[in-house]
Amino acid sequence: MIRADAPAQRLRLAIVGCGAVAERYHLPAVAASDEVELVALVDPATDRARGLADRYGAEHVLADASGLPGLVDAAIVATPNPLHAPVACELLRAGVHCLIEKPLAATTAECDEIAAAAAAGGAVVAVGHDFRLFPVATFAKELFAGGALGTVEGVDLRQSAGGRWPYASTYVFSKETSGGGVLLDFGVHMLDLLTWWLGDVSHVRSYRDDAAGGVETECELELELDSGAPVTIHLTRLRPMRDTFVVRCQRGTVEIGIFEPALLRLTLRGGGTLEGDVSDPAFALAPLETVFLRQLEDFALAVRSGGPPLVPAADGRRAVAIVESCYGARQPLRHQWDWPEAAASARRPT
């Protein structure tokens, strides 16, 4: 562990996986931070990694992560989802601290392997649920923790996850290389916020998606919180949605848009509405760049201090467990325009 009384000693850092999220957000965060020194980039596409290394001043370019122990103190694991566990476990067992992109892993069994490897190596694990660092999300956490609205009676989330996020490859569209579709790739953010704000999910009432043997682009979840409050979630990559949580409480209803739109709208039971945003000048100027920098600095602080990161492995596992339960209860998502029986009947000879 890096000594807390040696602030001038920067963490020697590697990034494993040089896709779009590394290029656009992790690398600029590293460049802007005084807490870390970029030492190595790792990717089987070494030409791409070398180009990024030249741009950001990394000395080493490796095709795999096996050469990192002894070379670095910490690593950001930004590989495709099914590689999170094997890459992170190797590093953690060797004592390399890891910030692992969401989801923590593709299954809860893999999450448990990561936690065991971290314990064996005495290393810190942080999970990249960076939505917690959006100003509205942090404010909502404090709002619900304060209890001013009373008990939660129900939650409704409608969220699109279309083409706004950059990709450097097509791995997210393949079940083999992604582990899942919109629920695992994006929905874990929403599930993490839900449980961070309001407590654990007790069970999955129902789950429907359009995977049809591939990865889902739309899904609908019916959940129940430990408090007994029902939760409805609709996620899609195909069309616009409201993109807000609506949380009905004993004394009023609050609508929360984390980002695009960033929104807080409070309507009291007795009437009257307050609406606004949360002031954060740095976030307003460069939203995702600010969030990734704060996430990196939280990780570095956890490594130096030995304290927990904002999103520890247990919280990452909790979101994956809900996804796993949903996939286990999968039923086909049927729209009024999607009736294969009717199409089959039309093709049947008369």
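Miscellaneous remarks
- Of ALA118, ALA168, ALA105, all but one fail to be assigned to a loop (DSSP other than H, G, I, E, B) and modelled with pLDDT of 95 or more; the exception is ALA105.
Yes/no matrix, rows are residues, columns are (1) at pLDDT below 95; (2) closer than 28 Å to GLU324 by Cβ; (3) aliphatic (A, V, I, L, M):
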{"position": "GLU35", "(1), (2), (3)": "no, no, no"}
{"position": "VAL72", "(1), (2), (3)": "no, no, yes"}
{"position": "VAL77", "(1), (2), (3)": "no, yes, yes"}
{"position": "ARG93", "(1), (2), (3)": "no, yes, no"}
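- Answer from SER202, SER227, SER206 - the residue that is among the polar types (S, T, N, Q), farther than 30 Å from ALA286 by Cβ and free of Cβ contacts under 8 Å to residues at least 60 places away in the same chain: SER202
- Selection of strands (runs of 3 or more DSSP E) fully inside the stretch 235-297 by the criterion of at least 2 residues being in contact (Cβ under 8 Å) with a residue 40 or more places away in the chain returns 244-249, 252-257, 263-268.
- The residues listed here are GLU260, GLU297; of these, the one that is at pLDDT 95 or above, surrounded by fewer than 20 Cβ atoms within 10 Å (Cβ to Cβ), acidic (Asp, Glu) and within 20 Å of ASP130 (Cβ to Cβ) is GLU297.
- Pairs with Cβ under 7 Å, 6+ apart, first in the stretch 56-75 and surrounded by 12 or more Cβ atoms within 10 Å (Cβ to Cβ), second modelled with pLDDT under 95: ASP73/ILE2
- Cβ-Cβ distances below 6 Å connect the following pairs, each with a first residue in the stretch 80-93 that is within 15 Å of ALA14 (Cβ to Cβ), a second residue that is part of a helix (DSSP H, G or I) and among the β-branched types (Val, Ile, Thr), and a separation of six or more residues or different chains: ALA88/ILE114.
- Qualifying residue in the stretch 51-69 (condition: touching a Lys or Arg at 6+ places or on another chain (Cβ under 9 Å), in a helix (DSSP H, G or I) and among the acidic types (Asp, Glu)): no
- Matching residues in the stretch 201-231 - criterion: being outside any loop (DSSP other than H, G, I, E, B), among the β-branched types (Val, Ile, Thr) and more than 13 Å from CYS326 (Cα to Cα): VAL231
- Pick from the stretch 90-103, criterion farther than 30 Å from SER279 by Cα and surrounded by 22 or more Cβ atoms within 10 Å (Cβ to Cβ), ranking: nearest to the chain's Cα centre (by Cα): CYS98
The values are calculated or read from the model by the stated rules, or taken from the named source; none is laboratory data. Every value quoted in this text rests on a predicted model; they were computed, and no experiment measured them. No Cβ is skipped: glycine too gets one built from the backbone with ideal geometry, and neighbour counts run over all protein chains shown.
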